[in-house]
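One structure is given below, encoded as structure tokens.
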Amino acid sequence: MEQPGVDFMKAITIRGIDPELAEKLKQAAALRGKSTNRLILERIRKEIGLEKEKKYSRRYNDLDELFGRSSEDEFRRISNKIEEESQIEQMEVSAAEFRANCFKILDEVETTHKEVVITKRGRPVARLVYFAQQKDKDPLLGSMEGLVETIGDLTEPVIEHQAWELD
């Protein structure tokens, strides 16, 4: 029974999704903290130009004369390329698989720097990431050592105190 003024959701079945694509969709959704359905809907809306505009976004044109202005199509292509490049490769393993292959997975993370999402009953619960070791010495601290020479007493006035008095 339809109610006046209420839109009902439509369902569309997509056939032919292979296991690899299904897994990649699940991983992408988990990475963004969204459901697979929401991720797919957002991608479809974006692709066909129905993406919702952010409510509180503002556009500024104050630097257009200096840098020029790109078309919406150029902006969309550049934004999509940035989004593609910023994707972090990751793999997903169950908690049982992680427990059985813990050292092997740790070695792989160390060599490939890929993230590993550990799931429990199909739900992401932890993320294993590569830990980059920090160098012993900060490159900024001490980098100018030997380049500056102190001459005289830094606590003494530069000019005589008589010069400070007004007549």
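Values in this text are rule-based calculations from the coordinates and carry no lab data. The model shown is predicted, which means the values in this text are computed figures rather than measured ones.
With θ taken as phi - 60° and the coefficients 6.51, -1.76 and 1.60, list the Karplus ³J(HN,Hα) couplings across segment 17-32 in order, rounded to whole Hz; mark glycine and proline as x.
Result, rounded to whole Hz: 7, 6, x, 5, 5, 4, 5, 5, 5, 4, 5, 4, 5, 5, 4, 8.
Given the convex hull of the Cα atoms of segment 11-52, what is a quarter of its surface area in nm²? Please report the intermediate quantities before stating the final value.
Details: hull surface 13.7 nm².
It is 3.4 nm².
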